[in-house]
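K.L.:
Please read through the structure below; I'll follow up with questions.
Please treat every number below as a calculation from the coordinates, not as lab data. Because the structure is a prediction, the values reported are computed rather than measured. So basically every Cβ, Gly included, is an ideal-geometry build from the backbone, and we count neighbours across all protein chains shown.
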Amino acid sequence: MSDPLPEYPKDLEARQTTKSGVELFLRPIRSGDEPNYKNFLQSLSDHSVYLKFFRSIQPTDDFVEKQVDVDYVHRMTILAFEGGGAEKKILGMGRYILNEEEGRAEVYFAVRDDHQNLGIGRELLSYLIAVARKQGLKGFTAQVMVDNRRMLHLFRSL
């Protein structure tokens, strides 16, 4: 028998505006987001995919389903939607996976290539930090490629 689906945390929905003026609707991923999330993954350049996953991936239905499978505690994914509503395109995603022994989570995220350098990654990371603190996490770890200068700069700036 499978575990019951976790309750969607509506209280984690938020509206943010980046310093560059991009309006975002941030919310946890949920069942039903698969088609939109797959479109987001397919919008990423090969280089962006490589920087995020350290390898080339094909966003198969199975891969997308695994990414959408969250419990909102140990596995959390926050989506950043364009503008004020959840039905518009996904501009970015941030995810963490908790290591219970350490009380820390590994974090990673991606932003659409055509929306990079607008502060979306910074908003996602800041929001993930707030969510993690609310969940009692001690901190984040991240694996970042040496040539991923944007990500290194972002982590160092916080």
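K.L.:
Hey, Ser157 hits all of (1) in contact with a Phe, Trp or Tyr (Cβ under 9 Å, 6 or more places away or on another chain); (2) among the small types (Gly, Ala, Ser); (3) on the phi < 0 side of the Ramachandran plot but one; which does it fall short on?
P.N.:
Going through the list (1) in contact with a Phe, Trp or Tyr (Cβ under 9 Å, 6 or more places away or on another chain); (2) among the small types (Gly, Ala, Ser); (3) on the phi < 0 side of the Ramachandran plot, Ser157 breaks only (1).
K.L.:
Among the residues of region 109-139, which ones are touching a helix residue (DSSP H, G or I) at 6+ places or on another chain (Cβ under 7 Å) and part of a strand (DSSP E or B)?
P.N.:
Residues satisfying the conditions are Phe109, Ala110, Val111.
K.L.:
With respect to Ala142, is the statement that it is aliphatic (A, V, I, L, M) and closer than 17 Å to Val22 by Cβ true?
P.N.:
no
K.L.:
Within region 135-158, track down each residue that is over 14 Å from Ala110 (Cα atoms) and aromatic (Phe, Trp, Tyr).
P.N.:
Phe140
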